[in-house]
Amino acid sequence: RDDFDAFVVEVEGRVRRALIPIAGSEAARDATADALVHAWRRWERVRAMANPAGYVYTVARSRLPRRIRPTVELPAALASDDRFPEVEPALARALADLPERQRVAVYLRVGCRWPTPEIAEMLGVSVSTVRNHTERGLASLRRALGVTDRSDG
């Protein structure tokens with residue numbers, strides 16, 4: 001099943017990254033692997049779906065532990081190294097405090113630089129929903145971090 005192998009190469013990293021702001025790296029990796037096994041067992045049906053990547057995301061999301069503490073991990077070197085003064089030390093906590101949908105939208109759009117339509121497809125929502133969550137999340141982050149709009153003064 002070469003087509004499944006190609007699907008895994010295309011989708012695994014995207015699904016895992018979409019779960020990181022919800023559950024952290026380890027749980028995201030495990031849930032993504034479980035979801036891909038699930039998809040493999042039903043591959044004939046899954047590959048015929050309009051959005052097989054979104055299906056794998058939904059399955060992986062359902063495989064996450066029920067009680068998860070919001071987690072946003074910055075790479076250790078980035079979070080603690082004086083060479084990166086542009087990274088606000090309180091950013092990870094402020095991201096973790098966002099509602100899940102906003103946190104995921106901001107993380108994928110700004111942190112991972114995914115295009116809005118790709119995020120919408122992965123999450124199974126409209127482009128305008130992703131835009132709204134991203135805008136609201138960024139506004140909340142600005143308030144939490146005391147950032148003002150440069151055009152204000």
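The values are calculated or read from the model by the stated rules, or taken from the named source; none is laboratory data. What you see is a predicted model; the values in this text were computed from it and never measured. Accessible surface is based on the protein model in full, side chains and every heavy atom, while ligands, DNA and RNA are left aside. Shrake-Rupley method; radii C 1.70, N 1.55, O 1.52, S 1.80 Å.
A few points about this structure:
- When nucleic acids and ligands are ignored and a 1.4 Å probe is applied, LEU138 ends up with an accessible area of around 50 Å².
- Ordered by solvent-accessible area of protein heavy atoms (1.4 Å probe), largest first, the residues TYR107, TYR57 come out as TYR107, TYR57.
- Given their separation in residues at 0.36 nm each and the Cα-Cα distance between them, ARG47 and PHE4 gain 14.7 nm when the chain is fully extended.
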